[in-house]
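Encoded as structure tokens, the structure appears first; notes follow it.
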Amino acid sequence: MNKMWNKINETIDADIILNDRTLKILYEKICDLIFAFRHQSVLDLGSGVGIIPKLLKKRNYNFHNRKFLCVDSSDIAIKKIRNIGIRNITTECTDIKSLISKDLYDIVLLVNMLDEKNEILSTLKIASERLYKDHGVVIIVVKNRIKNIVSNMTDEFNNILDAIELRVYSKTNYYLWSIIVLMRKKKKNIRIIK
């Protein structure tokens, strides 16, 4: 598959990344958001070496009877996800534009993979095609240098996603990153943890 990402993923794993205090805080916040939307299915696009599934497992996330798909273009990353030891996770080694699964999900994660406005919009379009039509949440993590660009894209997001709510989480603790949550339809009884 992707030689560049294979080379990078040979040298890293989830534990190495989570040893960085700042990144651990960022990934913990993403997990908090997933827990806020209880009993939901998750599609992790560009999942890398499985940091989010590993953290969710440590936090006793119930993967049983839930759909959880990790997609990455690196076969080494996919192998590392499989080695985490979670039976109910499905993996797909492909570029997100070539995604085989046609299933729909409640939550789509786009973590640390978007750098430019056009890339954000095209990837969000793919993500929106995998969300349920009457509800859904996209959690995007972007570098702070493009946070303002993303924050000013609400019209574009509405055109693609019919998102009625946009939340931006940007704290000093996240260092260079911001978490953006787009909600397709407002759902009752959902608690967003800040």
Sticking with the crude label model, points 7 Å out along Cα→Cβ, report the distance from residue 35 to residue 129 in nm, one decimal please.
3.4 nm
Linear extension gain, residue 75 paired with residue 21, 0.36 nm per residue minus alpha-carbon span:
16.7 nm
Set 58/125; 3/24; 3/133; 80/133; 3/143; 54/125, cut-off 29 Å on Cα-Cα distance; pairs above it are 58/125; 3/133; 80/133
Calculate the FRET efficiency for residue 60 and residue 155 from the Cβ-Cβ distance with a Förster distance of 41 Å, rounded to the nearest 0.05.
0.55
Using label points projected 7 Å from each Cα along Cα→Cβ, tell me how many nm separate residue 10 and residue 118, to one decimal.
3.2 nm
Bins of 5 Å, beginning at zero and ending with the bin holding the largest distance: percent of Cα pairs per bin for the range 1-83, please.
3, 15, 25, 25, 19, 10, 3, 0
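Each value in this text was obtained by applying a stated rule to the coordinates, not by laboratory testing. Because the structure is predicted, anything quoted here is derived from the model rather than measured. FYI the Cβ positions are ideal-geometry reconstructions off the backbone, even for glycines, and counts take in every protein chain you see.
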